[in-house]
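The values are calculated or read from the model by the stated rules, or taken from the named source; none is laboratory data. The structure presented is a predicted model; accordingly, all values stated were derived computationally and were not measured. Positions of Cβ are backbone-derived with ideal geometry, glycine not excepted, and every protein chain shown enters the neighbour counts. With ligands, DNA and RNA removed, areas are computed over all heavy atoms of the protein, side chains included. Shrake-Rupley method; radii C 1.70, N 1.55, O 1.52, S 1.80 Å.
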Amino acid sequence: MFKDRLNKDQELFTEEIIKIFDKEFKFHLDSHRNACISILKKLDKEIKNTNYFFSNNPHKIDLCILPFIRQFRIANPNWFDSHGEIPRIQKWLSSFLESYLLKEVMVSYEVWEKNKPVTIFPISQ
């Protein structure tokens, strides 16, 4: 699935960041915006000038923290998008939100209601 091989430092960094997001960020996600932005500001400094964390291809770190950051942005998109201290995070998230990969997995379907025709999944988009 992942096109590039990571070096040992990148693998260790990935595991460290996933733990931070799984514990600290997830805990603060709903009600502690300043704590979340503090984590994102530190992480922003680590993103290279690529579409994803380590290269122009997604890796484990990208896919594991994407849902958290996406959810954080959904709470207040205007605030998130205008926050001046996380430009690399904003660019990284924007790349995902506009990507073919995300569009393929995040398909929205109409809510089924009684007496409506049956929908067979998946529907070609």
Under 19 Å from K23, Cα to Cα: lysines that are on another chain or at least 8 residues apart: K41, K42, K60
Residue-averaged [θ]222 nm for the chain, counting only DSSP H segments that reach four residues, each worth -39500 (n - 2.57): -15500 deg cm²/dmol
Separation of the I74 and L101 label points, Cα + 7 Å toward Cβ, nm: 1.9 nm
In Hz, Karplus ³J(HN,Hα) per residue of region 106-115 (6.51, -1.76, 1.60; θ = phi - 60°; x = Gly, Pro): 10, 7, 9, 10, 5, 5, 6, 10, 3, 6
Backbone HN-Hα couplings from phi across region 20-25 [Karplus 6.51/-1.76/1.60, Hz, Gly and Pro as x]: 4, 5, 5, 9, 5, 5
Loop-located GluC sites (Glu not before Pro) in region 29-125 whose Cβ has at most 15 other Cβ within 10 Å (DSSP): E46, E85, E98, E110, E113
Value of relative contact order over the chain, rounded to a whole percent, pairs C-alpha under 8 Å and six or more apart: 25 percent
Loop-located trypsin sites (Lys or Arg not before Pro) in region 37-102, at most 12 other Cβ atoms within 10 Å (DSSP): K45, K48
(1) -0.70, -1.24; (2) -0.76, -1.35; (3) -0.69, -1.45, with the label sought being that of the calculated log10 I(q)/I(0) by the Debye sum over Cα atoms at q = 0.15, 0.22 Å⁻¹: (2)
Accessible area of region 1-81 divided out per residue, in Å², using a probe of 1.4 angstrom: 64 Å²
Heavy-atom accessible surface of region 54-95: percent carbon and sulfur, 1.4 Å: 50 percent
